[in-house]
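A.B. asks: Structure incoming, see below.
The values are calculated or read from the model by the stated rules, or taken from the named source; none is laboratory data. Remember, it's a predicted structure, so these values are computed and weren't measured experimentally. Cβ coordinates were reconstructed from backbone atoms using ideal geometry, including for glycine residues, and neighbour counts include every protein chain displayed. Quick note on the areas: whole protein, heavy atoms, side chains included, nothing else; ligands and nucleic acids left out. Shrake-Rupley method; radii C 1.70, N 1.55, O 1.52, S 1.80 Å.
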Amino acid sequence: GSGIEPPQKLQWHYYRNSCRDAERYVSTQVEFYWKLDRSLAPKPIRMLYADCFVTGCDALILSDRPYSEKTAPQNADLLGFPMAVMDKIKQVLEQHCPGVVCCADILNFAARDAAHLAGGLSYPVLAGRRDGMSSSVASVDLPLGATLGDRCSLTSNQEAWMCWILLLYSTSCSFIADRLYNFNKIGKPDPSMDSSFLAQMREQGPPNSKNQLYLDPDSGSSYSFSKSFYSGVLNHRVVLGIDQQITANNDSSQIAEEFNASFEDFRKMFALSMSRMGNIKVLPGKQGEIRKNYRV
């Protein structure tokens, strides 16, 4: 990643002169709330994904207006996002540097800090974004039931989506009921699932259950990164059918083997993918605005 030319629109240490400790203010608050509740870790990352892959990294996902992006069915799980955390971060920044740090940059800082607390690598966040001014539910075209970018191509010549699966997140039993009980409407489970793992999933997700299942059952409850997800992929012990498709492709299967063998490779690629995602369709210069309140 060090050899990639940084986008000219954004800068490292963008707030050095205007709000020197901006990133420290964010990281201090994220760590404070994370120590109170470690389930916080995946939430800013999920929020950032929902933001950047719609109209770009413009913080429109934070808007509470009627019929905004947040109200889309694809973002139903965001309704439980602890907005009070983001409110507190913004309050601190407005106290020290009023009208300087945009919500879009803060969300990128918070996602990086949350990933780092959960065991990911910290990485430099280029800044200088601006906040969008018009959020609409109609603009949300993400696949329904997606968890965190199950297949997100972040560059034209590289599928980086595998580095991006959020091992800390969960999904509803309803999204895998067909795999467990009626795969392809044949009245039987998905034959690609390991039999003991199938029994485990059926116990946790009986018919018509609304329970949540961790995407990585071995480490999800601890809200920490681990390589166990890729071991599960290679041993046919994954929750989502789309994740098992990793082994159906020789290239992606080799990547799974690499990440299973070297967790450090996964951590590096996750950080690189996060950094790239934060640069999608940003509003630089005088475009957009610097919102003083996340919600409006």
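A.B. asks: Contact list please: Cβ distance under 8 Å, first residue in the stretch 207-221 and among the charged types (D, E, K, R), second residue part of a loop (DSSP other than H, G, I, E, B), pairs at least six apart or on different chains.
C.D. replies: Close Cβ pairs (under 8 Å, with a partner that is part of a loop (DSSP other than H, G, I, E, B)) amount to Asp216/Leu167; Asp216/Leu168; Asp216/Ser226; Asp218/Ser226.
A.B. asks: Condition first: among the basic types (Lys, Arg) and under 20 Å from Phe270 (Cα atoms). Now tell me which residues in the stretch 90-129 satisfy that.
C.D. replies: Arg112
A.B. asks: Looking only at the stretch 182-198, count how many residues are open to solvent by 60 Å² or more (accessible area, probe 1.4 Å) and farther than 18 Å from Ser231 by Cα.
C.D. replies: 6
A.B. asks: Now for a separate question. Can you name the residue in the stretch 254-296 that is open to solvent by 60 Å² or more (accessible area, probe 1.4 Å) and assigned by the TED database to the domain that holds Leu215 and is also nearest to Ala127 (Cα to Cα) among such residues?
C.D. replies: Here the residue is Lys268.
A.B. asks: Can you tell which of Ser134, Ser153, Ser170, Ser122 is surrounded by fewer than 16 Cβ atoms within 10 Å (Cβ to Cβ) and either at pLDDT 90 or above or under 30 Å from Glu203 (Cβ atoms) (or both)?
C.D. replies: Just one listed residue meets the conditions, Ser122.
A.B. asks: Might you let me know whether the stretch 235-253 holds any residue that is in a helix (DSSP H, G or I), open to solvent by 40 Å² or more (accessible area, probe 1.4 Å), among the small types (Gly, Ala, Ser) and modelled with pLDDT under 90?
C.D. replies: yes
A.B. asks: For residues that are in contact with a helix residue (DSSP H, G or I) (Cβ under 9 Å, 6 or more places away or on another chain) and outside any helix (DSSP H, G or I), tally how many sit in the stretch 172-182.
C.D. replies: 2
A.B. asks: Separate question: Among the listed residues Ala59, Ala72, identify the single one that is open to solvent by less than 60 Å² (accessible area, probe 1.4 Å), farther than 18 Å from Asn293 by Cβ and under 20 Å from the mean Cα position of the chain (by Cα).
C.D. replies: It is Ala72.
A.B. asks: Search the stretch 183-225 for residues being among the hydroxyl-bearing types (Ser, Thr, Tyr) and part of a loop (DSSP other than H, G, I, E, B), and hand back the single one that is nearest to Phe266 (Cα to Cα).
C.D. replies: Per the criteria, the residue is Ser224.
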